[in-house]
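To keep things clear, I will list the structure first and then write my remarks on it.
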Amino acid sequence: MNIIDMLPRAYYNVPKCPACNSRMTGRYIKSSDEDEQIIEDALRNGELVKPIKIAIPENNCFCIDCGFEWSQEIPVSFVTSNQIAREGIERGTFEILAARQIEKDEKEEPKIRKTKKLRASLKNMLGL
Ligand SMILES: [Zn+2]
């Protein structure tokens, strides 16, 4: 473990879905125009977000599994990158990010380079 892994990182811990108990929950956030980048940065940080341009809806939390939305204040917490890695695995954010990467690469790159790049980005994400 290096020093950067030990520094606490900001994390918005959306609790389990009150309707179906799923961990695949996230929150709406206000955004600029670069939605893709915001979504991917959040996924990399173990968080699920839906950027919204005008105002955050009253039901600011959502569940990917059942589609339930509810209102709950999510205060920022500070956690280690290990905790973030655990959250990301439980919420499925790394898988979503990897799937998005594959989709992008399929459009842009020949197949041979794709696997290499995915492996590298997975390693990077998990801090290996
Ligand atoms: Zn749910």
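Every number here is computed from the coordinates shown, using simple stated rules; none is lab data. This structure is a prediction, so every number in the text was calculated from the model and none was measured. All Cβ positions, even for glycine, are placed from backbone atoms using ideal geometry, and neighbour counts span all protein chains on display.
What percent antiparallel are the DSSP beta bridges of the chain, to the nearest 5? If you can, show how the numbers build up before the last one.
Values: 9 of 13 bridges.
Bridges in the chain are about 70 percent antiparallel.
Could you pull out every Cys in the chain that lacks a partner Cys with its beta carbon under 4.7 Å away?
C61
Arrange the following residues from fewest to most other Cβ atoms within 10 Å of their Cβ: T93, T115, T80. Spell out each step's value before the answer.
Working: T93 25, T115 11, T80 15.
Arranged by neighbour count, lowest to highest, T93, T115, T80 become T115, T80, T93.
How big is the convex hull of the Cα atoms of the range 1-66, per residue, in Å³?
Numbers: hull volume 7.4 nm³, N = 66.
It is 112 Å³ per residue.
Size of the chain along its principal axes in angstrom, Cα-based, largest extent first?
45, 36, 29
Please return the longest stretch of the chain lacking exposed loop sites, where trypsin sites (Lys or Arg not before Pro) count only if DSSP places them in a loop and at most 13 other Cβ atoms lie within 10 Å. Present the calculation step by step, with values, prior to reporting the outcome.
Working: sites that count: K16, K53.
In short, 54-128.
Note down the nm distance, to one decimal, between modelled labels 7 Å out along Cα→Cβ at D35 and at V79.
2.6 nm
For K53 and A98 in the same chain, what is the full-extension length gain: residue separation times 0.36 nm, less their Cα-Cα distance, in nm?
Values: separation 45, 0.36 × 45 = 16.20 nm, distance 2.55 nm.
Computed gain between K53 and A98 is 13.6 nm.
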